[in-house]
Amino acid sequence: MKTSEGQKSLSIGILHYSCPPVVGGVEEVVNNHALILRRLGQKVSILAGMGEVYTKDYPVRIEGLLASKHPQVLRAHKEISKGDRRLLRKLTERILEILKSWSRRLDVVVAHNVLHMPFNLPLTLALRRLAATANKPRVVSWAHDSPYFQDSVPEFLHRHPWTVLKSPHPRIHHVTISGSRRDLFLKWAPDVDWNVIPNGIDPVSFFYLDPRSVRLAQELNLFQRDLVIVQPSRITPRKNLELSIHIVRGIKLLGLDVLFILTGAYDPHESKAVSYYRRLRYWINELGLRKNIAILAEYRFKDKTRLVPDRIFIRDLYLMADLLLMTSKDEGFGLPLLEAGMIKLPIACSDIPPFKEIGEEVCFFDPQAPPLVTAGRILEYLARTNTHKMFRKVMREYVLETVVQNEVLPYLHHIVNN
């Protein structure tokens, strides 16, 4: 099986003290990494000490001895303080056998926090031994935190064998989640090549996106755009859609990679509607906007199936967009403004009476003004909209599928192949 980049898919094991339905930040990362890696064609397996077999999409193995509060592990920790390490050695051997059994066919093990946190020392030691005794799987320490970052580090952590938590193993690869975390790790592990790969968010699961919405976002490269504009209007002359097209051109001329999605349909049996649609297509082609405008009335997925938008799909577009644009010459009301207002989506619309009656803190523009002027006005409005900048930063830099595809997978391929 090949990935989208033509590389052979990897068998990736993800390891942590616990997994869903246990609630926690690292558990969420474990779940999301597994979800996205599988979505991208990788083989995924999870091993944890607490949790449940919460999915049928990939193997989940629960071994209680790997948990942070297993009674025998807690007892071993107490006996270490008395100078007795017999139980520690026994548990380390048992866990090593579990790790060997689980990882036999894996290319790489991604261990979240267990090599740096003091919650299961036998697991830490067993994983270090696995890395030392086998060429495969490669072992990656994915470090979110460390007790050595505290202002007052517990005294026992400065004593052997606990010091392995701050002694990186030469055969283990190291990742942390931010530049600030890397700076902290470098204070006590300055010789380690700490790779920074950020956490991310999966809009698909966060927004509960419909599979059709996900396909459209992927095919139109929606999450990587500078600006995504949606207009849920039927294709009729009073919607003034030619103005929308020229505004999009103006935004593109101002240097942004813009995507404009027009959701409405037109009546193919109505000669005026067909003529108007053809005129819009002419302007899109004439202005070089074919990669910047998607008319869903004619959209076909890459497998040639037709897209039929419904209310759920329109909601998804609102959630993924930066701006609602309405260029109508005339309306009786303006329901899309209310829909956008419900989810705090910025709005730019013509200054016709119904919109002015409804709208508040939106970008009104004169539909007779030059489109380039209106484009600049919209961008100024977005620059002043506090939520827009953060939303676009998240969509541009922290969409988890993008992080996994552009950073996680290339890194894992590199360490497996070298």
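The values are calculated or read from the model by the stated rules, or taken from the named source; none is laboratory data. All figures in this text were calculated on a predicted structure; none of them were measured in a lab. Note that each Cβ is placed from the backbone with ideal geometry, even for glycine, and that neighbours are counted across all protein chains shown.
If you check A34 against the conditions, is it more than 21 Å from L125 (Cα to Cα), of a type in the set (A, V, I, L, M) and surrounded by 21 or more Cβ atoms within 10 Å (Cβ to Cβ)? So A34 passes the test. Is it the case that L325 is over 25 Å from the mean Cα position of the chain (by Cα) and either at pLDDT 95 or above or more than 24 Å from L241 (Cβ to Cβ) (or both)? Here the answer is yes, as L325 does meet what is asked. Condition check for I235 on (1) within 30 Å of Y411 (Cβ to Cβ); (2) part of a loop (DSSP other than H, G, I, E, B): one failure, at (1). The sole residue among S146, S213, S141 that is under 26 Å from the mean Cα position of the chain (by Cα), under 23 Å from L10 (Cα atoms) and at pLDDT 90 or above is S141. Exactly one residue out of L15, L65, L87, L35 is aliphatic (A, V, I, L, M) and at pLDDT below 95, and it is L35. When the criteria are applied in full, L15 fails the requirement of being within 20 Å of Y411 (Cβ to Cβ), touching a strand residue (DSSP E or B) at 6+ places or on another chain (Cβ under 6 Å) and in a helix (DSSP H, G or I). The condition of being under 17 Å from V230 (Cα atoms), of a type outside the set (D, E, K, R) and buried (at least 18 other Cβ atoms within 10 Å of the Cβ) holds for only one of V408, V362, V399, V404, that being V362.
Within the span defined as region 330-343, every residue fails to be closer than 23 Å to Y208 by Cβ and among the aromatic types (F, W, Y). Is region 268-276 home to any residue that is part of a loop (DSSP other than H, G, I, E, B) and among the hydrophobic types (A, V, I, L, M, F, W, C)? Checking region 268-276: not a single residue is part of a loop (DSSP other than H, G, I, E, B) and among the hydrophobic types (A, V, I, L, M, F, W, C).
The sole residue among L186, L165, L157 that is surrounded by 15 or more Cβ atoms within 10 Å (Cβ to Cβ), over 20 Å from V110 (Cα atoms) and modelled with pLDDT of 90 or more is L157. Reported count of residues in region 238-249, each being surrounded by fewer than 21 Cβ atoms within 10 Å (Cβ to Cβ) and either assigned by TED's automatic domain parsing to the domain that holds L40 or over 18 Å from E298 (Cα atoms) (or both), is 4. Counting only residues that are part of a loop (DSSP other than H, G, I, E, B) and buried (at least 20 other Cβ atoms within 10 Å of the Cβ), region 37-63 holds 2 of them. Selection of region 346-396 for residues being in contact (Cβ under 8 Å) with a residue 60 or more places away in the chain, in contact with a helix residue (DSSP H, G or I) (Cβ under 8 Å, 6 or more places away or on another chain) and over 29 Å from K329 (Cβ atoms) yields M395, R396.
Set side by side, the residues E5, E97, E28 differ, and just one is over 19 Å from S141 (Cα atoms), modelled with pLDDT under 95 and among the acidic types (D, E), which is E5.
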